[in-house]
Amino acid sequence: MKKLAIAFVFALVLQARDATWNDLMNEGGRAFVDRRYREAENFYLQALRQLENAPDSDLRLSGATHQLAIVYMTECRFQEAEHAALRAIALRARIPGGGSLTAASELVLGSIYRLTGRYSKAERITRDALSIFQREGSSEDVGVAHLSLTTVLASEYKLSEAEDTAQQALQIWPDDQKDRIFRSGAFHALAEIHISRRDYKKAAEYCDKALAALEAEFGPGHPRLVPVLTRRAYVELMMKHYPEAERVARRGVDISTATLGDQHIDTAHATIILAKALAAQSRAVEAEPLFQSALPLLARILGSEHAVYGEALLDYADFLRKAHRAREAKQISEQAALILAASRGTIDVGQLRRSS
């Protein structure tokens, strides 16, 4: 009887431990959806600390590592993200029947390769993951892989193939109610494809579809809307609809500041577009402080050698040039050119650092 009682107590302890781990993972997931990435990171790290003595075969270990890789990637901490993704792949590859789990982590690694400009590696590993999902994954898995492949192909300017792949994803997610989170991702990807084609009218239509799906799912003030609002404002800017670009960008800034704070990367991106919209309306006094607040934030979060920071510097240089501040514009343009050349591999990164 005593042995049964001890076994029962031990089972309760294990259950409590698992519940705590599950709670941490669930809280991390909620924080990630709300774009509270540092909080999500802390939850996942706590979950991993609970597994310090767990064997590599423990599915929870690879699961938390996988989620942490996604958070690091989203925070643009690519070296840490790549390390975590490779660790998750190594753990999952040893799990019997873990092909779909391994493929999910390969998709994350493919996204990291894409975001760091290693497009051929990104396409290869993403296609490998898609093949695994087509053999043994769910239709939802296949749809996610199609969407990941869409973004890779679009980055390589294989736009027709990217569009076909996005449409395949939409066929997997046909329900405007049940599938709207996935459909919003496909619509956003299609908007990016049409931006690359400079078909801004079509891009605006897809941005609006993505926004409608996200608003229906999360409400009108959720931070998940901000990246799509920023791209929608950019489209209006390209169509020279400057007051509308200002309105949409300001909505993005307001939502991001209210929900994520003024030090978040989404706030910085939306602020740059708002600054450009104001500058296009000859409101330089309002625009320049926005550039000056967003640029250091991008440099701090992404790093001063990141291509996105270089492109934002070009936007600021263009603003300075139009304000007849040619010397400042030239200096900023040269700095941006070096950053972008380094990101394309046409100059050595050491040369960029020596010039800083």
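The values are calculated or read from the model by the stated rules, or taken from the named source; none is laboratory data. Treat the numbers as computed from the prediction; the structure is a model and nothing was measured. Note that we place each Cβ from the backbone using ideal geometry, even for glycine, and neighbour counts take in every protein chain shown.
Let me spell it out: the conditions are (1) hydrophobic (A, V, I, L, M, F, W, C); (2) modelled with pLDDT of 95 or more; (3) surrounded by fewer than 22 Cβ atoms within 10 Å (Cβ to Cβ), and LEU68 meets all of them except one. Which number is the exception?
For LEU68, the failing item is (3).
Yes or no, residue by residue, for (1) buried (at least 20 other Cβ atoms within 10 Å of the Cβ); (2) not aromatic (Phe, Trp, Tyr):
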position: ALA166; (1), (2): yes, yes
position: LYS178; (1), (2): no, yes
position: LEU229; (1), (2): yes, yes
position: TYR234; (1), (2): yes, no
position: THR257; (1), (2): no, yes
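Could you tell me which of the residues ALA186, ALA245, ALA204, ALA258 is more than 22 Å from LEU278 (Cβ to Cβ) and out of contact with any Lys or Arg (no Cβ under 6 Å at 6 or more places or on another chain)?
Testing whether each residue is more than 22 Å from LEU278 (Cβ to Cβ) and out of contact with any Lys or Arg (no Cβ under 6 Å at 6 or more places or on another chain) leaves just ALA186.
In region 206-217, is there at least one residue being more than 24 Å from GLU244 (Cα to Cα) and without any contact (Cβ under 8 Å) to a residue 40 or more places away in the chain?
Yes, region 206-217 has at least one match.
Which numbered condition trips up ASP34, out of (1) more than 15 Å from the chain's Cα centre (by Cα); (2) of a type outside the set (Val, Ile, Thr); (3) surrounded by 15 or more Cβ atoms within 10 Å (Cβ to Cβ)?
(1)
To keep it simple, each residue is scored yes or no on (1) touching a strand residue (DSSP E or B) at 6+ places or on another chain (Cβ under 9 Å); (2) among the small types (Gly, Ala, Ser); (3) part of a helix (DSSP H, G or I); (4) touching a residue at least 60 places away in the same chain (Cβ under 8 Å).
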residue: TYR157; (1), (2), (3), (4): no, no, no, no
residue: GLN168; (1), (2), (3), (4): no, no, yes, no
residue: GLN171; (1), (2), (3), (4): no, no, yes, no
residue: ALA186; (1), (2), (3), (4): no, yes, yes, no
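Among (1) in contact with a Leu (Cβ under 8 Å, 6 or more places away or on another chain); (2) of a type outside the set (Gly, Ala, Ser); (3) surrounded by fewer than 19 Cβ atoms within 10 Å (Cβ to Cβ), where does LEU109 come up short?
All conditions pass for LEU109, except number (3).
Taking the residues in region 235-283 that are among the polar types (S, T, N, Q) and assigned to a helix (DSSP H, G or I) as candidates, determine which candidate is nearest to GLU311 (Cα to Cα).
Here the answer is THR271.
Residues that are of a type in the set (Gly, Ala, Ser), without any contact (Cβ under 8 Å) to a residue 24 or more places away in the chain and under 26 Å from GLU27 (Cβ atoms): find the helices (runs of 4 or more DSSP H) completely inside region 68-152 holding 1 or more of those.
Once the helices (runs of 4 or more DSSP H) in region 68-152 are filtered for at least 1 residues that are of a type in the set (Gly, Ala, Ser), without any contact (Cβ under 8 Å) to a residue 24 or more places away in the chain and under 26 Å from GLU27 (Cβ atoms), what remains is 78-93.
Exactly one of (1) at pLDDT below 95; (2) surrounded by 15 or more Cβ atoms within 10 Å (Cβ to Cβ) is unmet by ARG300. Its number?
(2)
Taking ARG60 as meeting all but one of (1) surrounded by fewer than 16 Cβ atoms within 10 Å (Cβ to Cβ); (2) in a helix (DSSP H, G or I), write down the number of the exception.
(1)
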